Structures are given as C-alpha cells and as structure tokens.
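*Asks:* What follows is a single structure, and I will ask about it in a moment.
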Amino acid sequence: MELCYSDSAFTTITSPSSPFPLPPTPPTVASPCAACKILRRRCVEKCVLAPYFPPNDPLKFTTAHRVFGASNIIKFLHELPEAQRADAVSSMVYEANARLRDPVYGSAGAISQLQNQVNELQQQLAMAQAEIVNMQSQQANLMALICMEKWQNIIPHQHDHSYDNDCQTNMSFLDDNLGSLWEHISI
C-alpha cells in the first residue's frame, strides 16, 4: 500500500499484494517556537528556546532578542540547569521591557522610583500618626477641663452663703411636700 499526500488530504492507494487499505497517519508538523519563527530557522525537536517562547507569544522573544540577542539568550540557557531556566527567561524579558522603557537605568530605575515612593509614603504615614497622637492629646485635655468644670459646679465653695440659703429653702420645700405626700399614701 502507498500513501499519497495532496494539499487537501491523504489518499490511500492499495497495492496488489495488500487487499486491505491502512488508515492514513496524520502529518507530524509541530509549530515552531516563537524564537525560531522570528529567527526564520527550523525548530528542532530539542530546541532550547521552545519551552520558554511559545508560538502564540512572539512579543516575548522579540523583546528579549532586541536587548540581549538570540545567541546570548541561548548561551545563558545552556549554562543554567533546566530548573532555573524559566525564571531566567522571565527575568530577561522583564529586564528587556524595562530597558526598552528606560534605556539608561532599566529595571534599576523602576526600583529606585518605587523606593522613593515608599519613602514618601512612610513620611506621610509618620505625619498622620503624629497628628493622631496630637488630636488624642487635645481630646484628653478637653475631657479633663470638662470634668473639672462639672466637678466645680457640683461641689460648692464652703464660703458661699447663698448656696447655704438655697439649700435651706430646698429642704423646707421637701419637708412641706413630703408631709402632704404621706397624707395621700395613708388614705
């Protein structure tokens, strides 16, 4: 039996020696990795770039290739154990993106900017905490003044004779009204 490939499908041809046709086998065409597509080379089965630069994400390799170059990327990956390669590729892509945004400082510029933001936020936090402590102190002082004033209104001064007269008047009023109250209860 012979198999012929046409653009649309496989066709099965039976030879005189075989009465039963065999089913056609699908072609094993693997999609080349993004790196091999961009470099326009054949992607071999053990391509070192294929696991890290899938065919559906060509921008990832393009970015790293622009900054580091394909030969350097391949060299870096060959020098590393397989367990560390994925992290290395992520780092290279991150650094390449940072270099494209800031060609002078790269990721160090982004780190510096973030550290400055952290310092500014820590200063703002310290100022807010100091303001809270100040407000709590003011509130405590205000409460102490209010309590002192109420205490002074409750306890009369000993030399105040008008208070004594008021107290005697109030006591006689209570005696008069309590007597009448007892009369109503006993009836």
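*Asks:* Is it true that some residue in the stretch 139-148 is among the polar types (S, T, N, Q) and loosely packed, with under 15 Cβ neighbours inside 10 Å?
*Replies:* Within the stretch 139-148, one or more residues are among the polar types (S, T, N, Q) and loosely packed, with under 15 Cβ neighbours inside 10 Å.
*Asks:* Please go through the stretch 100-118 and give me each residue that is open to solvent by less than 80 Å² (accessible area, probe 1.4 Å), hydroxyl-bearing (Ser, Thr, Tyr) and over 18 Å from residue 64 (Cβ atoms), ordered by number.
*Replies:* Scanning the stretch 100-118 gives a single hit, 112.
*Asks:* In the set 31, 15, which member is at pLDDT below 90, surrounded by 11 or more Cβ atoms within 10 Å (Cβ to Cβ) and part of a loop (DSSP other than H, G, I, E, B)?
*Replies:* 31
*Asks:* Here's something else I'd like to know. If you check 131, 95, which single one turns out to be open to solvent by 60 Å² or more (accessible area, probe 1.4 Å) and either modelled with pLDDT of 95 or more or in a helix (DSSP H, G or I) (or both)?
*Replies:* Going through 131, 95 in turn, just one is open to solvent by 60 Å² or more (accessible area, probe 1.4 Å) and either modelled with pLDDT of 95 or more or in a helix (DSSP H, G or I) (or both): 131.
*Asks:* Under 7 Å between Cβ atoms, at least 6 apart or on separate chains: pull out the pairs that start in the stretch 45-65 with a residue that is part of a loop (DSSP other than H, G, I, E, B) and end on any residue that is open to solvent by 60 Å² or more (accessible area, probe 1.4 Å) and modelled with pLDDT under 90.
*Replies:* 55/31
*Asks:* Return the pairs, sorted by first residue and then second, in which the second residue is assigned to a helix (DSSP H, G or I) and open to solvent by less than 50 Å² (accessible area, probe 1.4 Å), the first residue lies in the stretch 97-108 and is closer than 19 Å to residue 60 by Cβ and touching a residue at least 24 places away in the same chain (Cβ under 8 Å), the beta carbons are less than 7 Å apart, and the residues are 6+ apart or on different chains.
*Replies:* 97/63; 100/63
*Asks:* Now a separate question. Can you find a residue in the stretch 69-78 that is open to solvent by 80 Å² or more (accessible area, probe 1.4 Å), assigned to a helix (DSSP H, G or I) and of a type in the set (A, V, I, L, M)?
*Replies:* no
The values are calculated or read from the model by the stated rules, or taken from the named source; none is laboratory data. Please read these numbers as outputs of a predicted model, since none were measured by experiment. Neighbour counts run over all protein chains shown; Cβ positions are idealised from the backbone, glycine included. Just so you know, the surface numbers come from the protein's heavy atoms only, side chains and all, with ligands and any DNA or RNA stripped out. Shrake-Rupley method; radii C 1.70, N 1.55, O 1.52, S 1.80 Å.
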